[in-house]
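Remarks on the structure that follows.
The values are calculated or read from the model by the stated rules, or taken from the named source; none is laboratory data. Because the structure is predicted, anything quoted here is derived from the model rather than measured. Heads up, the Cβs are rebuilt from the backbone with ideal geometry, glycines too, and the neighbour counts pull from every protein chain shown. Quick note on the areas: whole protein, heavy atoms, side chains included, nothing else; ligands and nucleic acids left out. Shrake-Rupley method; radii C 1.70, N 1.55, O 1.52, S 1.80 Å.
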Amino acid sequence: FKKYAEKFGKPDMIIAHSSIWAGCAAEHIFSKYEIPYIIVEHRSRFTGITEDAEKMFRKFYFSMLRKAFFSAEKIVTVSVFQNNKITEIEPSSNKKMLTIPNLVDTEFFKLPDTPRSKELFRIFTAGILERIKGMDVLIRAFAGFLEKFPDASLRIAGRGSLLKELSRLTEDLGIKE
(Lines give C-alpha, C1' and ligand atoms only; values in the text may rest on other atoms or scores of the structure.)
Protein backbone atom coordinates (compact mmCIF):
# COMPACT_ATOMS: atom_id res chain seq x y z
CA PHE A 1 0.00 0.00 0.00
CA LYS A 2 2.81 2.40 0.87
CA LYS A 3 4.45 1.87 -2.53
CA TYR A 4 1.11 2.35 -4.28
CA ALA A 5 0.35 5.55 -2.31
CA GLU A 6 3.82 6.96 -3.06
CA LYS A 7 3.42 6.35 -6.78
CA PHE A 8 -0.28 7.18 -7.30
CA GLY A 9 -1.43 8.95 -4.13
CA LYS A 10 -3.83 7.69 -1.47
CA PRO A 11 -7.04 6.28 -2.94
CA ASP A 12 -10.38 7.74 -1.90
CA MET A 13 -11.93 4.29 -1.48
CA ILE A 14 -10.83 0.67 -1.51
CA ILE A 15 -12.97 -2.07 -2.99
CA ALA A 16 -11.87 -5.39 -1.54
CA HIS A 17 -13.00 -8.45 -3.45
CA SER A 18 -13.38 -11.10 -0.76
CA SER A 19 -13.10 -10.49 2.94
CA ILE A 20 -10.44 -13.22 3.21
CA TRP A 21 -7.83 -11.63 2.78
CA ALA A 22 -8.49 -8.46 0.84
CA GLY A 23 -11.13 -7.24 3.32
CA CYS A 24 -8.79 -7.85 6.23
CA ALA A 25 -6.02 -5.93 4.44
CA ALA A 26 -8.46 -3.08 3.69
CA GLU A 27 -9.42 -2.92 7.38
CA HIS A 28 -5.73 -2.70 8.33
CA ILE A 29 -5.21 0.16 5.84
CA PHE A 30 -8.38 1.84 7.13
CA SER A 31 -7.15 1.67 10.72
CA LYS A 32 -3.86 3.40 9.76
CA TYR A 33 -4.92 5.80 6.99
CA GLU A 34 -8.71 6.19 7.42
CA ILE A 35 -9.43 5.18 3.82
CA PRO A 36 -12.99 3.80 3.63
CA TYR A 37 -13.57 0.46 1.99
CA ILE A 38 -16.27 -1.77 0.57
CA ILE A 39 -16.10 -5.56 0.74
CA VAL A 40 -17.53 -7.49 -2.19
CA GLU A 41 -17.96 -11.09 -1.08
CA HIS A 42 -18.09 -13.76 -3.77
CA ARG A 43 -16.97 -16.83 -1.88
CA SER A 44 -19.42 -19.66 -1.44
CA ARG A 45 -17.90 -20.57 1.93
CA PHE A 46 -20.04 -17.74 3.33
CA THR A 47 -23.25 -19.52 2.38
CA GLY A 48 -22.75 -21.94 5.26
CA ILE A 49 -25.01 -24.39 3.47
CA THR A 50 -22.56 -27.27 3.34
CA GLU A 51 -20.27 -28.90 5.82
CA ASP A 52 -17.37 -28.30 3.42
CA ALA A 53 -18.12 -24.56 3.40
CA GLU A 54 -18.00 -24.50 7.20
CA LYS A 55 -14.70 -26.40 7.25
CA MET A 56 -13.10 -23.64 5.20
CA PHE A 57 -13.16 -21.29 8.21
CA ARG A 58 -10.28 -21.48 10.64
CA LYS A 59 -10.92 -20.24 14.20
CA PHE A 60 -8.36 -17.47 13.87
CA TYR A 61 -10.22 -15.99 10.86
CA PHE A 62 -13.16 -14.79 12.92
CA SER A 63 -11.54 -11.97 14.90
CA MET A 64 -10.06 -10.53 11.69
CA LEU A 65 -13.31 -10.94 9.77
CA ARG A 66 -15.28 -9.34 12.59
CA LYS A 67 -13.08 -6.23 12.39
CA ALA A 68 -13.19 -6.18 8.57
CA PHE A 69 -17.00 -6.39 8.45
CA PHE A 70 -17.46 -3.94 11.32
CA SER A 71 -15.32 -1.21 9.74
CA ALA A 72 -16.46 -1.67 6.14
CA GLU A 73 -18.50 1.16 4.66
CA LYS A 74 -20.65 -1.35 2.77
CA ILE A 75 -20.69 -5.12 2.29
CA VAL A 76 -21.86 -6.35 -1.09
CA THR A 77 -22.78 -10.01 -1.41
CA VAL A 78 -23.58 -11.92 -4.58
CA SER A 79 -26.21 -14.10 -2.87
CA VAL A 80 -28.64 -13.58 -0.01
CA PHE A 81 -27.39 -16.93 1.29
CA GLN A 82 -24.11 -15.24 2.26
CA ASN A 83 -25.80 -12.61 4.42
CA ASN A 84 -26.61 -14.89 7.37
CA LYS A 85 -23.05 -16.13 7.80
CA ILE A 86 -21.60 -12.63 7.57
CA THR A 87 -24.15 -11.33 10.10
CA GLU A 88 -23.35 -14.29 12.34
CA ILE A 89 -19.68 -13.25 12.28
CA GLU A 90 -20.41 -9.53 12.81
CA PRO A 91 -24.03 -8.71 13.79
CA SER A 92 -23.83 -5.02 12.79
CA SER A 93 -23.11 -6.09 9.19
CA ASN A 94 -26.80 -6.49 8.36
CA LYS A 95 -27.23 -2.68 8.43
CA LYS A 96 -24.74 -2.14 5.64
CA MET A 97 -25.28 -5.20 3.46
CA LEU A 98 -26.41 -5.03 -0.14
CA THR A 99 -26.96 -8.09 -2.33
CA ILE A 100 -26.23 -7.78 -6.03
CA PRO A 101 -26.59 -11.24 -7.59
CA ASN A 102 -24.22 -12.47 -10.25
CA LEU A 103 -26.23 -11.91 -13.38
CA VAL A 104 -27.28 -15.02 -15.26
CA ASP A 105 -29.47 -15.01 -18.33
CA THR A 106 -31.90 -17.75 -17.31
CA GLU A 107 -33.36 -17.84 -20.84
CA PHE A 108 -30.16 -19.60 -21.90
CA PHE A 109 -31.12 -22.60 -19.76
CA LYS A 110 -34.67 -23.04 -21.06
CA LEU A 111 -35.26 -25.92 -23.45
CA PRO A 112 -35.83 -24.82 -27.04
CA ASP A 113 -39.21 -25.33 -28.73
CA THR A 114 -37.58 -27.54 -31.36
CA PRO A 115 -35.10 -30.27 -30.50
CA ARG A 116 -31.45 -29.35 -30.71
CA SER A 117 -29.41 -30.67 -33.59
CA LYS A 118 -27.47 -33.88 -33.15
CA GLU A 119 -24.17 -31.95 -33.12
CA LEU A 120 -21.61 -32.72 -30.46
CA PHE A 121 -22.58 -31.00 -27.22
CA ARG A 122 -19.49 -29.51 -25.56
CA ILE A 123 -19.21 -28.34 -21.97
CA PHE A 124 -16.19 -26.48 -20.64
CA THR A 125 -15.51 -25.22 -17.13
CA ALA A 126 -12.48 -23.74 -15.43
CA GLY A 127 -11.91 -23.44 -11.72
CA ILE A 128 -9.84 -24.51 -8.77
CA LEU A 129 -10.12 -28.24 -8.11
CA GLU A 130 -11.21 -28.01 -4.48
CA ARG A 131 -14.28 -29.48 -2.79
CA ILE A 132 -16.07 -26.11 -2.51
CA LYS A 133 -16.30 -25.84 -6.33
CA GLY A 134 -18.30 -29.06 -6.68
CA MET A 135 -16.46 -30.47 -9.69
CA ASP A 136 -17.29 -33.97 -8.41
CA VAL A 137 -20.99 -33.06 -8.62
CA LEU A 138 -20.48 -31.82 -12.17
CA ILE A 139 -18.68 -35.03 -13.18
CA ARG A 140 -21.42 -37.24 -11.73
CA ALA A 141 -24.12 -35.15 -13.39
CA PHE A 142 -22.26 -35.33 -16.69
CA ALA A 143 -22.09 -39.11 -16.45
CA GLY A 144 -25.91 -39.12 -16.26
CA PHE A 145 -26.11 -36.57 -19.08
CA LEU A 146 -24.19 -38.97 -21.32
CA GLU A 147 -27.12 -41.40 -21.17
CA LYS A 148 -29.17 -38.97 -23.30
CA PHE A 149 -26.28 -37.33 -25.16
CA PRO A 150 -23.59 -40.02 -25.65
CA ASP A 151 -21.55 -37.80 -27.99
CA ALA A 152 -21.23 -34.95 -25.48
CA SER A 153 -17.89 -33.90 -24.06
CA LEU A 154 -16.84 -32.26 -20.82
CA ARG A 155 -13.52 -30.48 -20.41
CA ILE A 156 -12.36 -29.23 -17.02
CA ALA A 157 -9.44 -26.84 -16.68
CA GLY A 158 -7.89 -26.21 -13.31
CA ARG A 159 -5.51 -27.27 -10.61
CA GLY A 160 -5.96 -28.17 -7.00
CA SER A 161 -5.72 -30.83 -4.34
CA LEU A 162 -8.55 -32.93 -5.85
CA LEU A 163 -6.95 -33.46 -9.27
CA LYS A 164 -6.13 -37.14 -8.70
CA GLU A 165 -9.42 -37.84 -6.91
CA LEU A 166 -11.47 -36.27 -9.72
CA SER A 167 -9.46 -38.12 -12.34
CA ARG A 168 -10.16 -41.41 -10.51
CA LEU A 169 -13.85 -40.51 -10.37
CA THR A 170 -13.97 -40.15 -14.17
CA GLU A 171 -12.29 -43.55 -14.48
CA ASP A 172 -14.72 -45.15 -12.00
CA LEU A 173 -17.68 -43.72 -13.92
CA GLY A 174 -16.19 -44.84 -17.25
CA ILE A 175 -16.09 -41.33 -18.70
CA LYS A 176 -12.37 -40.50 -18.55
CA GLU A 177 -12.17 -39.89 -22.28
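Odds and ends about this structure:
- Scan region 129-163 for residues that are of a type in the set (S, T, Y) and within 20 Å of the chain's Cα centre (by Cα) and the total you get is 1.
- Scanning region 1-13 for residues that are surrounded by 10 or more Cβ atoms within 10 Å (Cβ to Cβ) and of a type in the set (A, V, I, L, M, F, W, C) gives F1, A5, M13.
- Going through (1) more than 24 Å from the chain's Cα centre (by Cα); (2) at pLDDT 90 or above one by one, E119 falls short only on (2).
- Those residues of region 68-111 which are aliphatic (A, V, I, L, M), in contact with a strand residue (DSSP E or B) (Cβ under 7 Å, 6 or more places away or on another chain), open to solvent by 80 Å² or more (accessible area, probe 1.4 Å) and assigned to a loop (DSSP other than H, G, I, E, B), in sequence order: I100
- Which numbered condition I35 misses (of (1) under 29 Å from M135 (Cα atoms); (2) of a type in the set (A, V, I, L, M, F, W, C); (3) surrounded by 11 or more Cβ atoms within 10 Å (Cβ to Cβ)): (1)
- Condition check for F124: in contact with a Lys or Arg (Cβ under 7 Å, 6 or more places away or on another chain) and either part of a strand (DSSP E or B) or at pLDDT below 95 (or both): yes
- When the residues of region 48-67 are filtered to those that are part of a helix (DSSP H, G or I), of a type outside the set (A, V, I, L, M, F, W, C) and more than 15 Å from E90 (Cα to Cα), the one that is least open to solvent (accessible area, probe 1.4 Å) is D52.
- Within this structure, L166 passes the test of being surrounded by 10 or more Cβ atoms within 10 Å (Cβ to Cβ), more than 30 Å from I38 (Cβ to Cβ), under 21 Å from the mean Cα position of the chain (by Cα) and at pLDDT 90 or above.
- For F142, the test of being touching a Ser or Thr at 6+ places or on another chain (Cβ under 7 Å) and either part of a helix (DSSP H, G or I) or within 22 Å of E41 (Cβ to Cβ) (or both) is failed.
- Residue match in region 120-132 (condition: touching a residue at least 60 places away in the same chain (Cβ under 8 Å) and surrounded by 13 or more Cβ atoms within 10 Å (Cβ to Cβ)): yes
- Residues located in region 140-173, provided they are more than 14 Å from I128 (Cα to Cα) and in contact (Cβ under 8 Å) with a residue 12 or more places away in the chain: R140, F142, A143, L146, F149, D151, A152, S153, L154, L169, T170, L173
- Test: residue in region 14-32 that is open to solvent by 40 Å² or more (accessible area, probe 1.4 Å), assigned to a loop (DSSP other than H, G, I, E, B) and not hydrophobic (A, V, I, L, M, F, W, C): no
- Which listed residue, of A152, A141, A157, is open to solvent by less than 90 Å² (accessible area, probe 1.4 Å), more than 30 Å from R66 (Cβ to Cβ) and in contact with a Lys or Arg (Cβ under 9 Å, 6 or more places away or on another chain): A152
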